[in-house]
Amino acid sequence: MNRRTFLAGSAAGASLLAKAQIHNQKVTRIGISTWSFHNLFTPTHDSDTPPITGKPMDARDFPDLIADRYHVHEMEIVAPHISPEPSYIRDLKARLDRAHSHLVNIPVDIKELRNAGGLSDTDPKVREKAISACTKWIDIARDLGARSVRCDPGKINTADLSPTIASYKALASYGASKNIYVIIENHGGVGSEHPEELVELFKGVGKNCGALPDFGNFPDEATRQKGLKLLFPYGHTVCHAKGLKFDDKGNETMFDFAQCVKTSKAAGFKGVYSIEFEGEGDPHVGVQHVVDELLRYL
């Protein structure tokens, strides 16, 4: 081998190594939520969809599934997919560790947050029940090594945010004692059409409370881009990279996915892009499409 051949080979090898490093850096920013497969879990199976065939999905099997199929090691597991039994939590944590995976966030979808006004109710007793229920999930998040929990605010009164702010101050304070961030998503009528309302809430609560920006939960493209610009500066742990509909080349067609990622970068977002596939067809394939989109634009 002459010197020119050696140098050419060295340059090619270095280029391949650099590309591999960039790919690996991108993968560490990608997560996958169990909600992408919610119709394969018994607690969240939609009644108007075909019944589950075979064994229902178990969150304890999720770390291996995601690591083996997508080579992704960051994830969200929604609360209905987790049994609060201590033995189950220990087993799930062991499965996460075995797969060299990490739980980033738990979306706390529980009945107490849907009771009356939830965390925003004018009745302190209703709010206290919701706060107490959420603190239990903060403990579970801590035990599982998560960084945050998402707790919905319920029925916000935009003319008087004080009940909502009081609830989140209590949750944020408790979360800080466990090193868990409390985050709020733009969905379910909260922050979707008027994302500036969430910003006012974050300002009122202060420390240890922020946003979970979701790419898809907006009524139109103009509100989406406005909303993401407002929310991403308050995003710290995770955002939702929504996948809804793809063309024959696997490109997202429902909204400007590339611009959503660009907006997150411009805001300096350093968290995980957790995939929520909610389109038609096989969710395993749909999730792969969103993984590919993120690898393209991150």
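Within 12 Å, Cβ to Cβ, of residue 66, how many net charges do the neighbouring residues add up to if Lys/Arg are +1 and Asp/Glu are -1?
With Lys, Arg at +1 and Asp, Glu at -1, the net is -3.
Where Lys and Arg each count +1 and Asp and Glu each count -1, what net charge lies around residue 107 among other residues with Cβ under 15 Å from its Cβ?
Details: positive: 111, 114, 136, 147, 150, 242; negative: 74, 76, 109, 112, 152, 185, 214, 276, 278.
Every neighbour counted, the sum reads -3.
Each residue of the stretch 283-292 in turn: what ³J(HN,Hα) in whole Hz from Karplus with 6.51, -1.76, 1.60 and θ = phi - 60°, glycine and Pro shown as x?
3J(HN,Hα) across the stretch 283-292, in whole Hz: x, 4, 6, x, 4, 4, 4, 6, 4, 4.
Taking the beta-carbon count within 10 Å as an exposure proxy, list 255, 215, 232 from fewest neighbours to most.
Details: 255 18, 215 28, 232 22.
Least crowded to most crowded, the residues run 255, 232, 215.
Taking H as built 1.01 Å from N, whose amide H comes closer than 5 Å to the amide H of residue 184, not counting residues under 5 places away?
Distant-sequence amide H within range of residue 184: 210, 211, 212.
Exposure proxy check: 234, 88 ranked by fewest other beta carbons within 10 Å?
Lowest count first: 88, 234.
Could you give P(r) for the chain, binned at 10 Å from zero, as whole percent values over all Cα-Cα pairs?
Computed distribution, short to long bins: 6, 26, 34, 22, 7, 3, 1, 0, 0.
If I take every Cα pair under 8 Å that is 6 or more residues apart in the chain, average their sequence separation and divide by the length, what percent do I get for the relative contact order?
On the way: 527 pairs, mean separation 48.1, N = 298.
Relative contact order for the chain comes out at 16 percent.
Taking all pairs of distinct Cα atoms, average 1/r, flip it, and tell me the Kirkwood hydrodynamic radius of the stretch 100-173 in Å to one decimal place.
Numbers: mean 1/r = 0.0798 Å⁻¹.
Its Kirkwood hydrodynamic radius stands at 12.5 Å.
Greater than 28 Å separation of Cα atoms is the criterion. Which listed pairs, 125/169; 93/178; 129/242; 125/207; 26/55, meet it? Mind dumping the intermediate values first?
Values: 125/169 16 Å; 93/178 17 Å; 129/242 31 Å; 125/207 24 Å; 26/55 33 Å.
Violating the 28 Å Cα-Cα cut-off are 129/242; 26/55.
Go through the stretch 197-207 residue by residue and turn each phi into a ³J(HN,Hα) via Karplus (6.51, -1.76, 1.60, θ = phi - 60°); whole Hz please, and just put x for glycine and proline.
For the stretch 197-207, the Karplus curve yields 5, 5, 4, 4, 5, 4, 5, x, 6, x, 5 Hz.
Taking the Cβ of each residue in 254, 57 as the centre, tally the other Cβ atoms inside 10 Å and list the residues starting with the fewest. Intermediate values should be presented prior to the final figure.
Details: 254 15, 57 20.
In order of increasing Cβ crowding within 10 Å: 254, 57.
Taking only the C-alpha atoms, wrap a convex hull around the stretch 184-298 and report its volume per residue in Å³ as a whole number. Present the calculation step by step, with values, prior to reporting the outcome.
On the way: hull volume 10.8 nm³, N = 115.
Measuring per residue, one finds 94 Å³ for the Cα hull of the stretch 184-298.
Each reported figure results from applying straightforward, stated rules to the coordinates on display, with no laboratory input. Because the structure is predicted, anything quoted here is derived from the model rather than measured. FYI the Cβ positions are ideal-geometry reconstructions off the backbone, even for glycines, and counts take in every protein chain you see.
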